[in-house]
Structures are given as C-alpha cells and as structure tokens.
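Engineer: My questions all concern the structure below.
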Amino acid sequence: MRTFGNIIWHFPFLGFLQSLVYVIGGAFWCITIIGIPLGMGLFQLSLFTLAPFSKRLVSRHELEMITGEKQEDLIKGWFLIVRILYFPLGLLMAIATIFIIIAQFISIIGIPCGIVQAKALATIFNPVNKKCVPLAIAEEIERRKANNVLNKYEKQIPVQPLATTVPNNNTNEIKETKTKTEPILTCPQCHKEMAEDWELCPYCGYNPKEEEKKKQEKDNLRFAPPQYRNVPNS
C-alpha cells in the first residue's frame, strides 16, 4: 500500500518535481553559507518527497533517542539563530501550504497530495535540524516518547505506604466476622446456643460428654449377652 501511494505521488501527481524544487532551494541556501542549516533541512525534505509514504521527517532532538549523538553547542547556537531569522518566512510558507492542503482535499482527486503536504507542513515551517528517516525509525521514536511520558506520569503518582496498624473499627469488624464464621452448637435439652468447646450447657447443666458416655453404655448393653442386659441395681 505504501509503495502504491509513492507511485501515485509521482505518477500522475509529479511529486518528483516538488522534490527537485526543494533540492534547488536547499542548494541556494547552502551557497549563502549562513543559511546552511536551512539548506540541509530542505535536502531532507527533498528526500522525504521522493517516498512520502515510506519515510518520515523527525527533529534531530527526537533522533538522539535512537542514535545518542549530541550536537555541539556552537552549532546548536548557530542553528537556533537561523531558525529565529527564518521564522517570518517559514510562517508565511506554512500558511500558504495550509491553504494548498485545504484546496487539494476539497478537489477530492488531490487528496494524496494533500496528505503529503500535511506530513511536510512542520518541516516547511521549520526545516532546521530535520531528518528524513524510515517509517520504522519514526515509529520507534514515538514508542520511546510514549514510554518517557508514562515514566514521568508514574513518578508523579505518590506511593501509598503499607499500613502497619489496623483501625479499631476494622478490628471489630474482623472479630465479628470471625465470631460469625465459628461453628455454633445448640443444646439438645434447652435448645440454646452453646460453644463447641463448652463441657456443659450453662443454662440447663446438660453435659454432652456425659450423655455421650450413657449412650455408649446403652449401645454396649444392646450387643452384650442376654444375662448382662438386665442387671438389677444393688
């Protein structure tokens, strides 16, 4: 799809002629010596217009995230001065390009040209320190920029310290929950609640262990020989 877009850009829209215009403009600015930063930027814009659907224009500062190459302070100052001097002309060219983009989109047939002009708009406004890179490099730059923003956002979020003590109201709730989950027995004799570890019922004196012992004795007598079943009490 990108290759098809590049072909349409050159034929029938003759995009290579626009690339040639940028080369001529870049050569003119380089001849002036002081305008070399502008000329280099227009050369990069020319490379972009040769394959606008497979390339991207990025700033040198953004490209440093990939290459790690730093610009010298002297050159950086020179480029900044040229950028300031070029600002009025760049603003006029950017405004003119916006009107061209609008006209191309209204014509419908010129939409591919409008898309290319929109991608190049930032460089037309300021060609200083612009670089033409493959689409994969531009996508990697965007991914790293997103990660940097995410890291800054995470640093701004305060880390909540772990609570060392539990508030009294939560403690009471926990105790109530534990009490509710503990098994509750009912006295077979008075039918009142009693805990499992109680030896006898405090309400009626019922002793579960004693009753269990009597029940066991009755079971033993049931299976005992006949002469031992009915023994008179002495």
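Engineer: For Phe87 and Lys215, compute 0.36 nm times the residue count separating them, minus their Cα-Cα distance, and round to one decimal in nm.
Structural biologist: On the way: separation 128, 0.36 × 128 = 46.08 nm, distance 10.54 nm.
Using 0.36 nm per residue and subtracting the Cα-Cα distance, I get 35.5 nm.
Engineer: Working out 0.36 nm times the residue gap between Leu150 and Phe11, then minus their Cα-Cα distance, what length gain in nm do you get to one decimal? Spell out each step's value before the answer.
Structural biologist: Working: separation 139, 0.36 × 139 = 50.04 nm, distance 4.25 nm.
This chain segment gains 45.8 nm when fully extended.
Engineer: Pull up all non-local amide H partners of Asn129: gap of 5 or more, or a different chain, and H-to-H distance under 5 Å with H placed in the peptide plane.
Structural biologist: Correct list: Gly41.
Engineer: Could I ask something else about it? Taking the Cα centre of segment 2-146 as origin and charging only Cβ (+1 Lys, Arg; -1 Asp, Glu), how large is the dipole, in debye to the nearest 20? Walk me through the numbers before you get to the answer.
Structural biologist: On the way: 13 positive and 8 negative charges, 29 e Å.
Magnitude of the dipole: close to 140 debye.
Engineer: If we count other beta carbons within 10 Å of each Cβ, what is the order of Arg2, Arg56, fewest first?
Structural biologist: Arg2, Arg56
Bear in mind that the values in this text are calculations on the coordinates, not laboratory data. Small disclaimer: the values here were computed from a predicted structure and weren't measured. Because the Cβ atoms are built from the backbone with ideal geometry, glycine has one as well, and the counts that use them run over all protein chains shown.
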